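In what follows, a structure is listed as structure tokens, so that the remarks can point back to it.
The values are calculated or read from the model by the stated rules, or taken from the named source; none is laboratory data. Nothing here was measured: the structure is a model prediction, and the numbers come from that model. Cβ sites come from the backbone with ideal geometry, for glycine too, and all protein chains shown count toward neighbours.
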Amino acid sequence: MKEVKLVATDLDGTFLKNDRSISVANLKALHELGKRGIVRVAATGRNLQKVREVLTPEIPFDFVVFSSGAGVFNWKTQQHIHSQNLVVDSAQKLLRHFIQKGESFHAFYPVPENHQHYYYRGTEASEEFERYFIFNKYYAEELNTDKLPQTELCQFLVIIKEDEDHFQQLKTEIEALCPEIRVIRTSSPITEGYIWIEVFHHSVSKGNGVLEVCRVSGIDPKLTMGVGNDYNDFDLLEFTRHSFLTDNAPLKIKHRFPLVPSNEDDAFARAVEPLFD
């Protein structure tokens, strides 16, 4: 722990409190890490537009790994340094598959404009789909099924009610379409009882995003630390050498990594405390 040169943290449910604010202790810890020359990374499922809703440029992160690793952004210089989108062929297969299956979904523009997206309402109404649509309708465009977009896409989002068997079935179907894609699961940040199924290029992960930061910063991946709270943080926590889950993580995954207090109790600050001894 004493040799750690990079600390990466998830935002929602980890670094941020439930009201999306930043605690005094967490902000102080960020500043202290900077004084010690330790690189600070926010690794989040949010797109960059949504990152800016909770982080101002003055919040002293060095890099932001956004959209679960589809993009990497230098927070200090406000410049994109890496992106990975779904290739056109994979995007087309996914569009046709979800339409044929009657699934409701959102399909997002390529990075860095991936706050904009197409939406498609399937055969069954979904309250959670509509909630997401309401929150993001200013960036949404209804998909024209007669003229599908001939472009790369960043990701797809399919929302289902929490059902482990149904999730595994859909995951298997989706990943069988082509080898260039992978499925990332996360708990809904809007409503309990829903699973968000996110589909990306197979190389997209928070861990690979942090690896890119290590590469450009000249940091050995063995000298890294990560903090997260949910299923979609596994890629990050399996990459970082010293990894922690917050106490507000789902009960089913709490055994996977050492625990720190919840996001409401300064999880980030408590996790990095040993670096300051």
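Key figures
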quantity: Single condition residue 22 does not satisfy, out of (1) closer than 26 Å to residue 139 by Cα; (2) in contact with a Leu (Cβ under 7 Å, 6 or more places away or on another chain); (3) not in a strand (DSSP E or B); calculated: (1)
quantity: Neighbours by Cβ (under 7 Å, 6+ apart or cross-chain): first from region 253-268, in the same structural domain as residue 19 (by TED's automatic domain parsing); second hydroxyl-bearing (Ser, Thr, Tyr) and assigned to a loop (DSSP other than H, G, I, E, B); calculated: 266/23
quantity: Residue match in region 240-251 (condition: within 28 Å of residue 129 (Cα to Cα), aromatic (Phe, Trp, Tyr) and in contact with a strand residue (DSSP E or B) (Cβ under 8 Å, 6 or more places away or on another chain)); calculated: no
quantity: Count - residues of region 56-82 that are of a type in the set (D, E, K, R) and either exposed (fewer than 15 other Cβ atoms within 10 Å of the Cβ) or not assigned by TED's automatic domain parsing to the domain that holds residue 217 (or both); calculated: 2
quantity: Flag for residue 27 being in contact with a strand residue (DSSP E or B) (Cβ under 7 Å, 6 or more places away or on another chain), modelled with pLDDT of 95 or more and part of a helix (DSSP H, G or I); calculated: no
quantity: Residue count, region 100-116 (criterion: touching a helix residue (DSSP H, G or I) at 6+ places or on another chain (Cβ under 6 Å) and either without any contact (Cβ under 8 Å) to a residue 40 or more places away in the chain or closer than 22 Å to residue 146 by Cβ (or both)); calculated: 3
quantity: Residue 139 vs. criteria in contact with a strand residue (DSSP E or B) (Cβ under 8 Å, 6 or more places away or on another chain), without any contact (Cβ under 8 Å) to a residue 60 or more places away in the chain and under 25 Å from residue 69 (Cβ atoms); calculated: no
quantity: Answer residue from region 242-252, given it is touching a residue at least 24 places away in the same chain (Cβ under 8 Å) and in contact with a helix residue (DSSP H, G or I) (Cβ under 6 Å, 6 or more places away or on another chain) and is nearest to residue 209 (Cα to Cα) among those; calculated: 244
quantity: Condition met for residue 38 (of a type in the set (A, V, I, L, M, F, W, C), closer than 30 Å to residue 191 by Cβ and surrounded by 12 or more Cβ atoms within 10 Å (Cβ to Cβ)); calculated: no
